[in-house]
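Quick notes on the structure that follows.
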Amino acid sequence: MNNKTLKVAFFGLGYVGLTMATSIAERDARVIGYDIDTEKVAKVNKGETPIHEPNLSTLLRRNIVKKRFFAIEDPRKAVKESEIIFITVGTPSLQDGSINLDYVKSASETIGKELRDLEDYKLIVLRSTVTPGTTCNLLKPSLEANSCRICGKDFGLAYNPEFLREGSAIKDTLHPDRLIIGEMDEKSGDALEEFYQWLYHDELPPTIRTNPDIAELIKYANNAFLAMKVSFINQVANLCQRIPNADVEVIAKGIGLDRRIGPLFLKAGLGWGGSCLPKDLRALLKFSRSKGVALPLTEATLFVNEIQPLNAVKIAEKLLGDLKDMRIAILGLSFKPGTNDMREAVSIKIVEELLRREAKIVTYDPVAMENARIVFGDRVGYSKSALECINDADCSIIITEWPEFLKIKPKDFVSRMRNPIVIDGRRLYDPEDFSSKLRYVAIGFGSKI
Ligand code: UGA
């Protein structure tokens, strides 16, 4: 790529679009973010991020001020003034769990129409998670029909999945493990690879160039495998709890040293949530069923995760008996630390179960309180700090492993709680230390209850 400023557009300023657009602007590209949400466009242009993501607001503000990035609602300008157009719209679930491709459809129609009067070659790159066949059977025909131009000749097209995690989205964008390029034709693949060479200063991560169908399935297989690893270790954790002296953390370490298994994604807990894994596994299952193929491992992965959060409630009941009117302190509400995202957070399942048992719930999360109010309304209490949350509680449950909870010492639980019982759903604390000072039960830690 020569020295002229690279011009890139993003259609959809959600998690993926906003973090990638900001990261690319930081590398001196001129980036236009298109979104249909007027409020979001205005917010982004003021340098305000609609999501909580480390480093994002600083980078966004800097690039808005330097005019390297701006958001608009005008698709014409976004398409006309860009060489590469990334589609980063959401692909939520339909009621039955299958994928909703409406936003991909409408983005392709909008971009297609804008391509119609343009002479120059543009590269369109789909980055949203989609079921196999979407790029070839939906995106390509829609772009061609709406633009009256030919894919491969007049414009390029590729599917290029993202693997970024909430909470480390900028880092994952700038330092990915690998790139998957699902190209419709060689010219499109070359153009996208050249873009990444520019972005990564010629230190390209391992790159697989393949067809779009395979690239689309790689993304699903990736998320299904990650979720399976966590459900697997959670299953081992449940067994450990019934064996005095067993500890899932040591077992995870032991098996993780086998290079064929690896140490990551073996942290046992109360289950996995978020905006991606649950939705993608359900969509994969629906898709595979439509092809007449059963995926029993993925079914089991989801099943284990359905019941895993309820462990916290069962333990509380064993320790306290009837939970009616018991004051339960919930520490952590977001689906994982580093984000305010509560989509499919296990905290929701646990709190709803406790409310069904008429327990009195008081909650605290360092960043997700605003989102929590939307979910729970006035059915639970909200504390200003973790210490305030545990005051007078009959039981404290750690649901999200926020580092700030490490500052709470056994003596704080003992002196503040009515009944010093801690259920450590994320293996945050040292079991030896805590068990010797209060009633402490941890996921995957053998105990006699
Ligand atoms: C996930 C994938 O990790 C990304 O690679 C992918 O790009 C993204 O989905 C997506 O499809 O867009 P994310 O949902 O941000 O990313 O979160 P993860 O870090 O994967 O965590 C998912 C859930 O698993 C969390 O609830 C977390 O607490 C849980 N988890 C993770 C565990 O319980 N144990 C672990 O060892 C790891």
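Values in this text are rule-based calculations from the coordinates and carry no lab data. Since the structure is predicted, the reported quantities are computational estimates derived from the model, not experimental observations. Glycine also receives a Cβ, built like all others from the backbone with ideal geometry; neighbour counts cover every protein chain displayed.
Overview of results
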item	result
Top of P92, P420, P296 by mean-square fluctuation, Gaussian network on the chain, Cα under 10 Å	P296
Potential extension, R165-E81 segment - 0.36 nm per residue separation minus Cα distance	27.3 nm
Computed lengthening from E352 to F225, 0.36 nm per intervening residue step minus Cα-Cα distance	42.9 nm
Unsatisfied cross-links (Cα-Cα over 27 Å) in the set K286/K314; K267/K349; K267/K291; K77/K286; K140/K187; K140/K229	K286/K314; K267/K291; K77/K286; K140/K229
Sequence ranges 378-384, 282-288, ranked by mean other-Cβ count within 10 angstrom, highest first	282-288, 378-384
Additional length obtainable on full extension of the chain from I51 to N100, 0.36 nm per residue less Cα span	15.4 nm
Among G182, G33, G262: highest mean-square fluctuation, GNM of the chain, C-alpha pairs under 10 Å	G262
Amide H contacts of G444 (H built 1.01 Å from N, under 5 Å, at least 5 apart or other chain)	Q241
Sites S385 and I208 - FRET efficiency at Förster radius 60 Å, r taken between beta-carbons, to 0.05	0.80
DSSP beta bridge pairing in the chain, given as percent antiparallel to the nearest 5	10
Estimated inter-spin distance, E186 and K437, nm [label 7 Å along Cα→Cβ]	6.7
Kyte-Doolittle at least -0.5, axis length at least 24 Å by Cα - qualifying DSSP helices, the chain	212-241
222 nm mean residue ellipticity, helices alone, for the chain (DSSP H n ≥ 4; -39,500 (n - 2.57); rounded to 500)	-13000 deg cm²/dmol
